[in-house]
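Q: The following block contains the structure, expressed as structure tokens.
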Amino acid sequence: MNMKLTNIKNKAICFLLAFTLVVQSCSVYKKTPVNLEEAFNSDTKVLIVKIDNTKLKFNRIKQNEGNYYGTLKTKGHMENVPLIASDLKTIRVLDKTTTTIGNVAIIIGSVGIVFLVIAAIELSNWNYDSGSITF
């Protein structure tokens, strides 16, 4: 009976690990920097590095009366952060293709690792059970 409880705990740990890895996603940004106008036109996530090397990630860039704003979600509402071109070192937009490929690879790899761990647990239980047979 104790072996079954241990087996259930191991499977639960594997499930939680897989769930954590699947929910996690990454964003890959293009290597080529763009200007504020191109970032605004891209209508995607943007990574901005300021002159002091501070990194800012925005959901998108908006323009209002000639001024640019980076939008990000904070505590349930959208916040607009004013952007001054002279304070910005580089602006890189999201690379949708590479991001999708990376996320799919993370999911497939996570599921594969979980299956391997479950298979190892099952095989170790099988060896344990078969070792207790006496003739």
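Q: Going by the structure shown, is Gly109 over 15 Å from Phe40 (Cα atoms), assigned by TED's automatic domain parsing to the domain that holds Pro33 and either loosely packed, with under 14 Cβ neighbours inside 10 Å or among the hydroxyl-bearing types (Ser, Thr, Tyr) (or both)?
A: For Gly109, the condition - over 15 Å from Phe40 (Cα atoms), assigned by TED's automatic domain parsing to the domain that holds Pro33 and either loosely packed, with under 14 Cβ neighbours inside 10 Å or among the hydroxyl-bearing types (Ser, Thr, Tyr) (or both) - is not met.
Q: Does Val34 meet the test of being assigned by TED's automatic domain parsing to the domain that holds Leu88, touching a residue at least 40 places away in the same chain (Cβ under 8 Å), closer than 11 Å to Ile91 by Cα and within 20 Å of the chain's Cα centre (by Cα)?
A: no
Q: Which of the residues spanning region 75-104 are of a type in the set (A, V, I, L, M) and within 14 Å of Arg60 (Cα to Cα)?
A: If the condition is that a residue be of a type in the set (A, V, I, L, M) and within 14 Å of Arg60 (Cα to Cα), then Met78, Val81, Leu83, Ile91, Val93, Leu94 are the ones that fit.
Q: If I ask for residues that are under 24 Å from Val49 (Cα atoms) and not small (Gly, Ala, Ser), which ones from region 92-102 would you list?
A: Going residue by residue through region 92-102, those that are under 24 Å from Val49 (Cα atoms) are 92-100, 102.
Residues satisfying the conditions are Arg92, Val93, Leu94, Asp95, Lys96, Thr97, Thr98, Thr99, Thr100.
Q: Given the criterion at negative phi, among the hydroxyl-bearing types (Ser, Thr, Tyr) and at pLDDT 90 or above, identify the matching residue among Thr20, Thr71, Thr6.
A: Thr71
Each row is one residue, and each column tells you yes or no for (1) small (Gly, Ala, Ser); (2) assigned to a helix (DSSP H, G or I); (3) at pLDDT 80 or above.
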position	(1), (2), (3)
Glu79	no, no, yes
Lys89	no, no, yes
Val93	no, no, yes
Ser110	yes, yes, no
Ile118	no, yes, no
Ile121	no, yes, no
Trp126	no, yes, no
Phe135	no, no, no
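Q: Show the residue pairs meeting these rules: Cβ distance below 7 Å; 6+ apart or different chains; first residue within region 38-56 and on the phi < 0 side of the Ramachandran plot and in a loop (DSSP other than H, G, I, E, B); second residue of a type in the set (Val, Ile, Thr) and surrounded by 15 or more Cβ atoms within 10 Å (Cβ to Cβ).
A: Hits for this filter: Thr44/Val93.
The values are calculated or read from the model by the stated rules, or taken from the named source; none is laboratory data. Fair warning: this is a prediction, and the values are worked out from it, not measured in the lab. Here the Cβ is made from the backbone with ideal geometry for all residues, glycine too, and neighbour counts use every protein chain on show.
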